[in-house]
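Here the structure is laid out as structure tokens; the discussion comes afterwards.
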Amino acid sequence: MKLRIAGEDALMVYFGDVMNAQTSARIQAATSAIEHAMGEDLIDLVPSYASVLILYNPLRTNHVSVARRVRSALATASAPIAAEHRTIVLPVYYATEAGIDLEPLAARAGLSINTVIELHTRAEYRVYAIGFAPGFAYLGEVDERIAAPRLHTPRAVVPGGSVAIADRQTAVYPSASPGGWNLIGRCPVTMFDPNIQPCMPVSVGDTVRFEAISREHFLTLGGNLA
Amino acid sequence: MTMRVVQSGVLSLLQDSGRQGQHRIGLSNGGPMDREAFHYCNRLLENAPASTVIEISVGGLQLKTLVDTYICLTGATMPLSINGHEKALWAVQRVCAGDIIDVGFAKSGCRSYFGVADGFTIKASFGSTATVVRENIGGLQGHSLHVGDELPCPTVTARKQYYLADRDQPRYQNTLTVRVIPGYQQRHFNRVEQRRFFGSTYRISERCDRMGYRLEGPVIACDIQGVLSEGICFGSIQLPPDGQPIVLLNDRQTIGGYPKIGAALSLDVARMTQLVPGNSVHFAPITHHTARKAVEWAQLFTLRKALQEHR
């Protein structure tokens, strides 16, 4: 574990420098331990693949005190607590009309479209982080045969619900936004709704599987191809 | 009881002090870009410190008040008039139902804060009324002010007419020194690159918004393309592969993977957001300790500046 000053009221805690389930589980345990240890002095926490960014209230505390409390909290919480394990299945309509990069991605990988779909639906993904945009969940890792680099020039608008791949990560765009990931399909499930609790169907540490559905089923579930 | 938007201006947004504690679902902070001017707007009106005001970028807002109340405009020098009569900035003004309030275009600075007595009455979402257009959250259904919007605010018939003395008002310049706490990813920028970064002048590019200010100037090379995506704090200075710095602001994405050379001091970031494309900045390294002291002194000075009262 490494602690670094990130800004005038921010500390970064590193747990490694690679993406894996073990580090992610440690981060999950650390996140609640830090939250508990900091109480009212904490403003926000941003857990990610291998780090947790701590934003503290500088009127109430300072980085020396935060670092001390974080170290002692993590010493006692070093063994990852067996978090409750949820599996969420997300339906996806895989087709060129739903994901414009499906064909080029398959061609570059030297695979048929059906094989790409099979590889994407066969794996179980872990939710490593939530960020970038409200409800955007970073999922890993996709089979390396269908891993694909980000576009050279990001698109100005990616349709909401788009299922996409970047390197060995995959995600569902919760709403229309700019983006540079490869689009392979569309998911009809609302990934972020500010008016309901909880506002997201997934949280960090959950397992996600994708399930291929037909065009008709996608439309029945409220999917939008616009 | 409302004020009606007659002309919406270039970009006018309802903002309170910002949304906190929601990064874990991917929500950014929003809130006022220039905290100092926001603070004075509410303080002069004797409002609660986080009350909802309108952040006006560049200018051009026109309102018709349908209530009797008091208003105050702070920040950039945007000419204020009530029914065509020019009024002072940084001062509480009385308005009556039917009055037309005009906020012209900025002469210096680019953001101002328009407040009403007791603040606008807006429903909070995720604990804040701050509008983040990119997320479609806060304000009125998550969007910037449109012609015809009705902004609820209470009738207030008595309020002290405080103003901030001319000598105490900030002066917005075209150039600025931004103090930076060098970051933990410094080692990825060699000495030559660091010296270039701190020794050069950068121009504010056309691509500057509430997410971040992109700068143009000497290219800073980094020995890595990116890092494993991680949380980004306010004021972080990212260097994407094109080597042109981006200072990340209120509406920034919560997670990102570009290397960072450091984090700018919040006090200077607030002043930077008053700069417009073509203006310039220069970066100066400071220690974390010096940064904390600077923030504490600034808070003391701000609190000790006395408000004057028209009687």
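Any chance the stretch A:46-55 includes a residue that's part of a helix (DSSP H, G or I) and at pLDDT below 95? Within the stretch A:46-55, not a single residue is part of a helix (DSSP H, G or I) and at pLDDT below 95. Taken as a whole, the stretch B:51-60 holds at least one residue that is more than 22 Å from residue B:171 (Cα to Cα) and under 19 Å from the mean Cα position of the chain (by Cα). Residues that are farther than 30 Å from residue A:139 by Cβ, more than 27 Å from the chain's Cα centre (by Cα) and within 14 Å of another protein chain (Cβ to nearest Cβ) within the stretch B:180-238 comprise B:186, B:187, listed in sequence order.
Scanning the stretch B:237-277 for residues that are among the polar types (S, T, N, Q), farther than 21 Å from residue A:15 by Cα and touching a Gly at 6+ places or on another chain (Cβ under 8 Å) yields B:238, B:244, B:250, B:253, B:266, B:274. Residues that are touching a strand residue (DSSP E or B) at 6+ places or on another chain (Cβ under 8 Å), away from chain B (no Cβ under 14 Å), modelled with pLDDT of 95 or more and part of a loop (DSSP other than H, G, I, E, B) are absent from the stretch A:167-185. The single condition among (1) in contact (Cβ under 8 Å) with a residue 60 or more places away in the chain; (2) within 22 Å of residue B:253 (Cβ to Cβ) that residue A:88 does not meet is (2). For the stretch B:24-41, the candidate set comprises residues that are part of a helix (DSSP H, G or I), surrounded by 24 or more Cβ atoms within 10 Å (Cβ to Cβ) and over 11 Å from the mean Cα position of the chain (by Cα); within that set, the residue that is farthest from the other protein chains (Cβ to nearest Cβ) is B:41. For the stretch A:1-24, taking the residues that are part of a helix (DSSP H, G or I) and surrounded by 17 or more Cβ atoms within 10 Å (Cβ to Cβ), the one that is farthest from the other protein chains (Cβ to nearest Cβ) is identified as A:24.
State whether one or more residues within the stretch B:226-234 are assigned by TED's automatic domain parsing to the domain that holds residue B:274, within 17 Å of residue B:283 (Cα to Cα) and at pLDDT 90 or above. Yes, the stretch B:226-234 contains a residue that is assigned by TED's automatic domain parsing to the domain that holds residue B:274, within 17 Å of residue B:283 (Cα to Cα) and at pLDDT 90 or above. Looking across the stretch B:4-21, the residues that are of a type outside the set (Lys, Arg), touching a residue at least 60 places away in the same chain (Cβ under 8 Å) and not in a strand (DSSP E or B) come down to B:9, B:16, B:17, B:18, B:20, B:21. Listed by first and then second residue, the pairs linking a residue in the stretch B:290-311 that is under 16 Å from residue B:45 (Cα atoms) to a residue that is polar (S, T, N, Q) and surrounded by 12 or more Cβ atoms within 10 Å (Cβ to Cβ), with Cβ atoms under 9 Å apart and 6 or more places separating them unless they lie on different chains, are B:309/B:161; B:310/B:161; B:311/B:161. No other residue among A:161, A:135 is out of contact with any helix residue (DSSP H, G or I) (no Cβ under 9 Å at 6 or more places or on another chain) and buried (at least 17 other Cβ atoms within 10 Å of the Cβ) apart from A:161. Modelled with pLDDT of 95 or more and in the same structural domain as residue B:40 (by TED's automatic domain parsing): is that true of residue B:217 in this structure? Taking the combined requirement at face value, the residue does not satisfy it. Under the condition of being assigned to a loop (DSSP other than H, G, I, E, B) and within 11 Å of another protein chain (Cβ to nearest Cβ), the residues counted in the stretch B:252-267 number 5.
Scanning the stretch B:104-136 for residues that are part of a loop (DSSP other than H, G, I, E, B) and hydroxyl-bearing (Ser, Thr, Tyr) returns B:108, B:121, B:129, B:131.
The values are calculated or read from the model by the stated rules, or taken from the named source; none is laboratory data. Quick caveat, the model's predicted, so the values are computed rather than measured. As a convention, Cβ positions derive from the backbone with ideal geometry for all residues, glycine included, and neighbour counts pool all protein chains shown.
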